[in-house]
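Visitor: Quick one: structure below, then a few questions.
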Amino acid sequence: MSVAVASFAIFAASQVGTPGPANMALLATGARYGFRAALPFVAGVALGKQLVIWPVGFGLMELAERAPWVFETLKYICAAYIIWLAWKVANMRLNTAGQTAQAPGFVAGLIVHPLNPKAWAMIVGGFTAFVDPGTPTLEATVTIAVVLLACQIVLHPIWTLAGDAIARTVAGTAGEPYLMWSLAALTVASVLFVLFGGGA
């Protein structure tokens with residue numbers, strides 16, 4: 001009864017690091033306003049995921065103890081959804097247009113993940129695929145929360161810092177589709193590992 005921390009860290013890094021609503025917002029914000037101006041927004045995005053993790057952790061883990069089949073069903077539903085998101089990522093193109101004149105702040109960042117379906121699928125997938133049924137709720141939730149926050153602290157600023165460079169060197173070029181397909185392939189590989197490679 002434990003959390004597969006190493007496996008979940010790989011999964012979390014692939015999810016946090018690949019394009020999605022949050023990273024596209026960070027990319028655009030960094031490209032439009034620069035890293036320093038975007039810092040409050042970056043902090044809000046990172047902490048906002050905690051607003052999803054804790055309610056999901058306690059509610060879902062308690063439900064799983066009463067109905068273990070829910071745990072298994074959700075694992076495949078979330079895996080299918082993340083694979084669908086990967087397909088969208090593969091066909092997504094970088095776009096930094098349409099920003100407002102003032103950089104978004106901490107509160108704007110805080111609400112990004114609660115409104116982000118990828119974040120919900122990632123978190124539910126983490127609990128269902130990498131946590132053994134019967135693991136204490138607090139232990140599971142703290143572990144998921146810490147691993148995801150660590151990934152965000154490293155990867156969200158990278159997306160923000162790279163925003164301007166990516167917008168100038170990759171967007172609209174022949175290399176852009178290859179970048180997006182590579183990121184999508186990493187996402188699919190992580191999901192297949194969860195389903196067939198020994199997730200908890």
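Please treat every number below as a calculation from the coordinates, not as lab data. Because the structure is a prediction, the values reported are computed rather than measured. Glycine gets a Cβ as well: all are built from the backbone with ideal geometry, and neighbour counts include every protein chain shown.
Visitor: Using alpha carbons only, how many degrees (0 to 90, rounded to 10) separate the axis of helix 50-66 from the longest principal axis of the chain?
Guide: Helix 50-66 sits at roughly 20 degrees to that axis.
Visitor: Once the Cα gyration tensor of the chain is found, what semi-axes does its equivalent ellipsoid get, as square roots of 5 times the eigenvalues, in whole Å, sorted largest first?
Guide: So the three semi-axes of the chain are 30, 19, 12 Å.
Visitor: Taking only Cα atoms, what is the 0 to 90° angle, nearest 10, from helix 35-48's long axis to the longest principal axis of the chain?
Guide: For 35-48 against the chain, the angle is about 20 degrees.
Visitor: Mind putting a number on the dipole of the chain about its Cα centre? Charges go on the C-beta only, +1 for Lys and Arg and -1 for Asp and Glu, and I need it in Debye to the nearest 20.
Guide: That gives the chain a dipole magnitude of about 560 debye.
Visitor: If you don't mind, another one. Could you give the C-alpha radius of gyration of segment 137-190 expressed as a fraction of 2.2 N^0.38 Å, taking N as the number of residues it contains?
Guide: Taking N as the residue count of segment 137-190, the ratio is 1.54.
Visitor: ³J(HN,Hα) across segment 74-89 via Karplus (A = 6.51, B = -1.76, C = 1.60, θ = phi - 60°), whole Hz, x for Gly/Pro?
Guide: Couplings: 4, 4, 6, 4, 5, 4, 5, 5, 5, 5, 4, 4, 4, 4, 5, 4 Hz.
Visitor: Taking the 0 to 90 degree range and rounding to the nearest ten, how far is the long axis of helix 176-196 tilted relative to the main principal axis of the chain, both from C-alpha atoms?
Guide: Between the helix axis and the principal axis of the chain, the angle is about 10 degrees.
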